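Read-outs: derived from the displayed coordinates by stated rules, not from any lab. Just so we're clear, the structure is a prediction, and the values are computed from it rather than from any experiment. Positions of Cβ are backbone-derived with ideal geometry, glycine not excepted, and every protein chain shown enters the neighbour counts.
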Amino acid sequence: MMLSSLVVVYVMFMCFHFSLGDNYVLDDKSGLGRTFDGIGGLSGGGATSRLLVNYAEPYRSQILDYLFKPNFGASLHILKVEIGGDAQTTDGTEPSHMHYENDENYFRGYEWWLMREAKKRNPNITLIGLPWAFPGWVGHGKNWPYDFPDITAYYVVSWVIGAKQYHNLDIDYIGIWNERNFDGKYIKLLRYTLDKYGLDKVKIIASDNLWEPITFYVLQDGELSDAVDVLGAHYPGTTTVIDALKTEKKLWSSEDYSTFNDEVGGGCWARILNQNYVNGRMTATISWNLVASYYESLPFGRDGLMTAEEPWSGNYVVESPIWITAHTTQFTQPGWTYLQTVGHLKNGGSYVALTDRNGNLTVVIETMTHDHSVCIRPPLLPFEVTPQNVTFYLKGSFASVSQLQLWKSRFDFKTKKPVFFQKLDPVKISDGSFTLSLDVDEVYTLSTITTAQRGAHPDPPPSAPFPKLYKDDFNVRNPQFTEAPDFADQTGVFEYFINLTDPGPHVFTLRQVVTQRPITWVTDADQTISVIGDYSWQNITVTCDVFIETAKTGGVFIAARVDKGGGNVRNSKGIFFWVFADGTYKVTSDIKGETVLVKGKSGPSSDIWYTLSLTIKGDSTSGMLNGSPLWKSGMVSVPKNGWAAVGTSSFELAQFDNFSIEAE
């Protein structure tokens, strides 16, 4: 198609087309639109499912049902996960399957488990893997994965192979490098490597960033075009670009939403699920994130389809985006096709219609107003929506439809009494048409599909704060997971460890295992750190046995009132109590160790266990070594509250045991 013609088609596509007044036609006679690829959620991209694995049954399975079980809740079609790279990627680190070049372990982390659980509920779910970061050895010490593209390609492909070999998981799509530069030669080599290992069915998404410049290079390079199956953009604002349309590739919003999951967040999700196709012809939309299961005071707290951030209480919240998702996912499946007759409503809002080509029809309508559908990004231009009556005419294959199931959600920002995913009486089709009265901030689904349900489990336990008395000797562990409960790694990776050389009390420990700075996605701290507990804690005692493994230069710390994590972790403030292998100690008010409150000789060295204790009460702090007082100090310009934490002075091996907290 000539570019000028394409521009005309695109402009028509973006306008309020196929509507005559308040009348709209649903017809397949003139052909169909693009094939629908599904609605999904993204686990990872920053350890966003970290706390989920710590939930006790039956609550953990209930949460998973609301996310993945067909005809129950969100009933997601797609699960996208981070390929852990040992580095901070928004709200924490996720472990790599290859910490070192000769190290392979396909049981680290929780993404394998999550994919299995999703597949158990929906055998047809689409699985996607994407790296945010890479272990340092991949780049031979450089913060760049493309200098040795064969190593990077094998590293990614090994993850795909491991998913099948150890978990019987078939990965459907693989990405390049999240929101970072791409390299065309690497993409081609990745395709070659996948094919070499018999993974020709695994498709490639590029570049999980902006539409440009990947679309330009795909148009210019035939070999690159052959390698790329899907153009994936992040937070596209429901629009695409001409070059993306010219490629004739699948267009996905491969990361979207990222918005607080209150009612405005639900409105954001409702608007973009429809308008990503109406305005941008995107056939899949994936939410960051899947479930807000990380400490809420970390960056982007509660930016998930639902909230599950209290494994200690069992409490979780099924938020509005779950039911907004159901308006599409419970009435369609990947492989359905959009009608060409989709678009905007005359008085604001939008509608899409899809068919399975066997006579089934689903129509999703949203009338979200500007202020009640703002997403965190990109900025939303002003628009108006007003109440309206709409009449839809069914033509072509749908002319004989006699009734449609009707489901409704109503956001109520005045009385605060919203209704989500409510089944109403079926709509009768009279003379090939039906009429609806639409108010603002509503979502409707009309469909020939009759299997949808508003699933429900018994109410979970009430919300409760993190326990003020907390102990973990790391002896009792869940064999499915390598992480200790409730610890949220922010730089480095802390794993369960069996110390076979120690016949004494420290056989089962928690060990920091990353010894080389990863190829980072954000700027990790120069020190490793894992936080835990209640961000509101002020007066607290933290105690832990520590073991420095690096002679002469090694060091470890325990900390309290730690105020920052995520991409801001390197700027964390708090009280940090350090001991070093050279026999010194210091107390600082920052993780960098630059603002020293107290320092001196302590005696510890490497390869010997010591017990550290840190107490903060009011404006005073004190520390003990092996039960004896070591220092006492007033505080200078430190946070009034924050998490407890453990960590190391650099990327080094160190162990921790018998961790405990006493908070007031």
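Quick notes on this structure:
- Sparse-neighbourhood loop sites, trypsin sites (Lys or Arg not before Pro) in the range 201-250 - DSSP loop, at most 16 other Cβ within 10 angstrom: K201
- Formal net charge of residues neighbouring L625 (Cβ-Cβ distance under 12 Å; K, R +1; D, E -1): 0
- Start at zero, step by 20 Å, and the Cα-Cα distances of the chain spread as 19, 47, 27, 6, 0 percent across the bins.
- Dipole of the range 3-355, positive direction: furthest Cα of L189, G41, T337, with charges on the beta-carbon: T337
- Here the scattering of the range 270-317 is modelled by Debye summation over its C-alpha atoms, one equal scatterer each and no solvent; at q = 0.13, 0.18, 0.19, 0.27 Å⁻¹ the log10 of I(q)/I(0) is -0.42, -0.63, -0.67, -0.92.
- Antiparallel bridge percentage (DSSP; both residues within the chain; nearest 5): 75 percent
- Net charge in the neighbourhood of S660 (other residues with Cβ under 12 Å of its Cβ; Lys, Arg +1, Asp, Glu -1) is -3.
- Reciprocal mean inverse distance between Cα atoms of the range 271-415 - Kirkwood radius, Å: 17.4 Å
- Relative to the longest principal axis of the Cα atoms of the chain, the long axis of helix 149-167 makes an angle of roughly 80 degrees.
- Cα-projected label distance for F107 with E594, points at 7 Å along beta-carbon direction, nm: 4.3 nm
- At an R0 of 41 angstrom, the distance between the Cβ atoms of D22 and D195 translates into a FRET efficiency of 0.20.
- In a DSSP loop and with at most 13 other Cβ atoms within 10 Å, the trypsin sites (Lys or Arg not before Pro) in the range 333-418 are R357, K414, K416.
- Restricting the range 571-664 to trypsin sites (Lys or Arg not before Pro) in coil, as DSSP defines it, with at most 11 other Cβ within 10 Å: K640
- Ordering S622, P503, V579 by the projection of their Cα atoms onto the charge dipole of the range 469-663, which places +1 on the Cβ of Lys and Arg and -1 on the Cβ of Asp and Glu, puts S622 at the extreme positive end.
- Net charge, F68 excluded, C-beta distance under 15 Å - Lys, Arg +1, Asp, Glu -1: +4
- Added length on full extension, which subtracts the Cα-Cα distance from 0.36 nm per residue, K471 to Q220: 84.4 nm
- Partner lysines for K249 [C-alpha distance under 16 Å; skip if fewer than 8 residues away on the same chain]: K203
- Helix-only mean residue ellipticity at 222 nm for the chain, each DSSP H run of n ≥ 4 adding -39500 (n - 2.57), per residue, nearest 500: -5000 deg cm²/dmol
- Filter on K250/K346; K414/K573; K471/K586; K564/K586 - keep pairs with C-alpha separation over 32 Å: K414/K573
- Alpha carbon convex hull of the range 490-643, volume per residue in cubic angstrom: 114 Å³
- Listed peptides 178-187, 58-67, 418-427, 266-275 appear in the order 266-275, 58-67, 178-187, 418-427 once ranked by packing, highest mean of other Cβ atoms within 10 Å at the front.
- Taking the square roots of five times each eigenvalue of the Cα gyration tensor of the range 177-267, the equivalent ellipsoid has semi-axes of 27, 16, 11 Å, listed largest first.
- One quarter of the surface of the convex hull around the alpha-carbon atoms of the range 3-355 equals 17.9 nm², the direction-averaged projected area.
- Distance from the range 538-592 to the range 255-292 (C-alpha centre basis), Å: 40 Å
- Over all projection directions, the Cα-based convex hull of the range 233-298 averages an area of 4.8 nm².
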